[in-house]
1. Placing +1 at every Lys and Arg Cβ and -1 at every Asp and Glu Cβ, with all other atoms neutral, what dipole size does region 158-239 have around its Cα centre, in debye to the nearest 20?
2. Check which residues have an amide H placed less than 5 Å from I93's amide H, if you skip close sequence neighbours.
3. Quick one: 3J(HN,Hα) in Hz for region 244-251, Karplus 6.51/-1.76/1.60 with θ = phi - 60°, rounded, Gly and Pro as x.
4. Just name one of V170, L152, T76: the one whose Cα is farthest towards the positive end of the charge dipole of the chain (beta-carbon charges, Lys/Arg +1, Asp/Glu -1).
5. From the cross-link list K11/K59; K59/K249; K145/K198; K72/K162, which pairs have alpha carbons spaced over 19 Å apart?
6. What is the distance in Å between the Cα centres of region 113-128 and region 81-108?
7. Which distance in Å, rounded to a whole number, links the C-alpha centroids of region 133-173 and region 1-65?
8. Using a 7 Å offset from the Cα along the Cα-to-Cβ direction at both Q226 and E78, what is the distance between the two label points in nm, to one decimal?
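Here, each number is a calculation from the coordinates, and none is a lab measurement. Note that the structure is predicted; figures quoted are calculated from it, not measured. All Cβ positions, glycine included, derive from the backbone under ideal geometry; neighbour counts span all protein chains shown.
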Amino acid sequence: MRKKVVAGNWKMNTTLQEGVRLAEEVNNALKETEAKCDVVICVPFTHLASVNAVIDQSKLGLGAENCADHVKGAYTGEVSAPMVASTGARYVILGHSERRQYYGETSATLKEKVKLALAEGLTPIFCIGEVLEERENGTYNAVVKSQIEEALFDLTADDFKKIILAYEPVWAIGTGKTATDEQAQEMHAFIRSTIAAKYGADVAEEISILYGGSCKPTNAKGLFSQPDIDGGLIGGASLEAEPFMGIVKAF
């Protein structure tokens, strides 16, 4: 059975104090709920150690939103995978569309980040997805396939199995638009077939692939009922405990 996962991505939101309170609210809600999926919150770097101190990671996993493509050195403002791991975090989001768009992250950069994260025992939540133009001109399969191949396909099968993938139709992030259940399932199945062609069907069947485009309590159940959708990478709806838990309960 593939792991079902609901992961919150707080992005650049909440002060430290607000973040600790939100983490406590989610942690307390999980104490009262028998979640049928793994639940993770990925928080700003400044919050990691403080949040780790107030949550039970047997119920609520902790992750960072990024890490550097170097271990250490003269890279002012960067945070390395060893630094992330030292806070108690176990996950790290890599390749989010906002990092690609605003900070010019390339597949070559992301390849290094993935290797460094795995070396520290972190689970990468690796994001892939197309923009609106690519969706409309029909190149979206080729775009997503190249994102996977260029950043991940030099990994061994054993290392590849340690990754969680997150498909984010970029045109649906923060826009209120959502891929239909059928559109999302079609892409998730394509991603799984791309993995199977490289690593074999057994590996492909082990990989959790999350949906990451404006997932809310109102649409989560339909999305999660699709055979190749294993959960969600949640943005705005993860910034309050109630809607986030509504998505968790969709399983």
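1. 300 debye
2. A64, E65, N66, I125
3. 4, 5, x, 6, 4, 6, 5, 7
4. So the residue furthest toward the plus end is T76.
5. The answer is K11/K59; K72/K162.
6. When both Cα centres are located, 8 Å separates them.
7. 25 Å
8. Here the answer is 3.5 nm between the modelled labels.
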